1. Stretch residue 193-residue 62 to full length: gain in nm at 0.36 nm per residue minus the Cα-Cα span?
2. Filter the GluC sites (Glu not before Pro) in region 112-213 down to the DSSP loop ones having no more than 16 other Cβ atoms within 10 Å, then list what survives.
3. Read through the labelled values [x] 184; [y] 122; [z] 114 and report the label of the one computed as volume of the Cα convex hull per residue in Å³ from the structure.
4. Need the C-alpha centroid separation for region 1-51 versus region 124-169, integer Å.
5. Where is the GNM fluctuation largest for the chain (alpha-carbon springs, 10 angstrom cutoff): 187, 68, 198?
6. In region 69-108, which GluC sites (Glu not before Pro) are in a loop and have at most 15 other Cβ atoms within 10 Å, using DSSP for the loop call?
7. Just the number, please: percent antiparallel of the DSSP beta bridges in the chain, rounded to the nearest 5.
8. Residue 83: which lysines have alpha carbons under 29 Å from its alpha carbon, excluding same-chain residues fewer than 8 sequence positions away?
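Bear in mind that the values in this text are calculations on the coordinates, not laboratory data. Every value quoted in this text rests on a predicted model; they were computed, and no experiment measured them. Note: ideal-geometry Cβ built from the backbone for every residue, glycine included; neighbour counts use all protein chains shown.
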Amino acid sequence: MTTFVYQGPKRGFDRAVLLAHGAGTDLDAAALRTVADALADVKVPSLRFNYPYRDTGRGAPDRPPVLLEATRAAVAELARRTKLPTERLVIGGRSMGGRYCSLVAGAEDDPVPVRGLILLGYPLHAAGKPEKVRDDHFRRLTMPVLFVSGTRDSLAAKPELQRSARKVKGTVSWCWLDTADHGFTPLKSSGRTLDDVLATVADASVTWVEQLP
């Protein structure tokens, strides 16, 4: 049984957002809650969910086929709750969750047609494995994509992520978080707190979602 948290209005909207969590967190991750709250403020519904391993209390993520199936099921659940076609949905999330949303949207077989992708801290490679770049499916992304990443992200250096993003067929937008790492924590010398950065993440995400035609 997958845990879902729906937030926002029950009617009067023409778009909705799916937010998937990263490998080490769950649907209550601060970044997801901050974005969901900001979306609710502008009357855009969102749906957060747990991947199966989180609901069963395990620490290690499920195998890729399970994660892909769970992501597809969450997209379908958001479409059911909002009565919107998937073409009106924006999907994405933090790190692993955003990556799996991009994988179902850019699948070779049976891709899920969506309005856009929000990739919060896209993990271009696994920790310590920069040679294995996770961008093969980018060339099949035909929808608008928003990348929100820290300039100190050890899993996606700025030049490498920009290079990979050139494969995306859809319109690519950027929000760079100065001095933030993969977890969005900024350097103390920046004068900013994690809450400050998350507010920027939420503002960039909401503005981008609202501006989608």
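1. 43.9 nm
2. Values: sites: 131, 160, 210; in loops: 131.
Sites meeting the loop and neighbour criteria: 131.
3. Computed from these coordinates, volume of the Cα convex hull per residue in Å³ corresponds to label [z].
4. That distance is 23 Å.
5. Residue with maximal mean-square fluctuation among 187, 68, 198: 187.
6. Numbers: sites: 69, 77, 87, 108; in loops: 108.
Here the GluC sites (Glu not before Pro) that fit, given the DSSP loop and packing criteria, are 108.
7. Values: 4 of 28 bridges.
Close to 15 percent.
8. Once the sequence-local lysines are set aside, what remains near residue 83 is 10, 43, 169.
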